[in-house]
1. Hey, can you tell me all the residues within region 67-93 that are open to solvent by less than 80 Å² (accessible area, probe 1.4 Å), part of a helix (DSSP H, G or I) and more than 23 Å from ALA26 (Cα to Cα)?
2. Quick one: GLN64 ticks every box in (1) crowded, with 16+ Cβ neighbours inside 10 Å; (2) in a loop (DSSP other than H, G, I, E, B) bar one, so which box is it?
3. State whether one or more residues within region 60-74 are modelled with pLDDT under 90 and among the basic types (Lys, Arg).
4. Return the residue satisfying two criteria in turn: it lies in region 7-51 and is open to solvent by 80 Å² or more (accessible area, probe 1.4 Å), assigned to a helix (DSSP H, G or I) and farther than 22 Å from THR76 by Cβ, and of such residues it is modelled with the highest pLDDT.
5. Could you check region 42-54 and list, in sequence order, the residues that are in contact (Cβ under 8 Å) with a residue 12 or more places away in the chain and not small (Gly, Ala, Ser)?
Amino acid sequence: MTAFARRWKLADLSPMEQAAIERDEAARIASLWQKPLLAEREIAEACGLPYSTWCALKKRGGPQMFKLGRRLYAHTAEVKIWLNGLAKSGAEV
């Protein structure tokens with residue numbers, strides 16, 4: 001489900017239900033950053049980006065990635081270093 005679809009569906013819920021869903025989503029994102037490796041889609045989710053935006057960023061020079069089977073992975077530490085580099089350079093997404 002896309003972030004837009006989640007927000008749209010959240011509008012139909014009570015404030016308590018909305019808070020519970022947002023809390024669960026925040027916990028999921030926090031748990032992603034605890035993993036030693038992140039798959040491409042997990043990187044996009046952890047950064048709060050649509051997958052298509054992540055792919056565009058990756059083409060401009062993303063973190064170092066490697067392939068396991070069919071999927072691309074990056075070390076979480078490498079992703080954090082890459083994000084810090086983007087923040088320091090003032091790059092726009």
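The values are calculated or read from the model by the stated rules, or taken from the named source; none is laboratory data. Note that the structure is predicted; figures quoted are calculated from it, not measured. Here the Cβ is made from the backbone with ideal geometry for all residues, glycine too, and neighbour counts use every protein chain on show. Note: areas computed on protein heavy atoms with side chains; ligands, DNA, RNA excluded. Shrake-Rupley method; radii C 1.70, N 1.55, O 1.52, S 1.80 Å.
1. GLY85
2. (1)
3. Quick first cut of region 60-74, residues modelled with pLDDT under 90 only: 60-62.
Filter once more, so that each one left must be among the basic types (Lys, Arg): 60.
The answer is yes, given that some residue of region 60-74 is modelled with pLDDT under 90 and among the basic types (Lys, Arg).
4. From region 7-51, those open to solvent by 80 Å² or more (accessible area, probe 1.4 Å) are 7-9, 12, 15-17, 22-24, 28, 34, 36, 41; that's our starting set.
Remaining after also requiring assigned to a helix (DSSP H, G or I): 7-9, 15-17, 22-24, 28, 34, 41.
Within this subset, residues satisfying the condition of being farther than 22 Å from THR76 by Cβ are 7-9, 15-17, 22-23.
Numbers: ARG7: 57, TRP8: 58, LYS9: 71, PRO15: 84, MET16: 85, GLU17: 83, GLU22: 84, ARG23: 88.
Taking the candidates together, the pick is ARG23.
5. Once the filter is applied, which keeps residues that are in contact (Cβ under 8 Å) with a residue 12 or more places away in the chain and not small (Gly, Ala, Ser), region 42-54 yields ILE43, GLU45, CYS47, LEU49, PRO50, THR53, TRP54.
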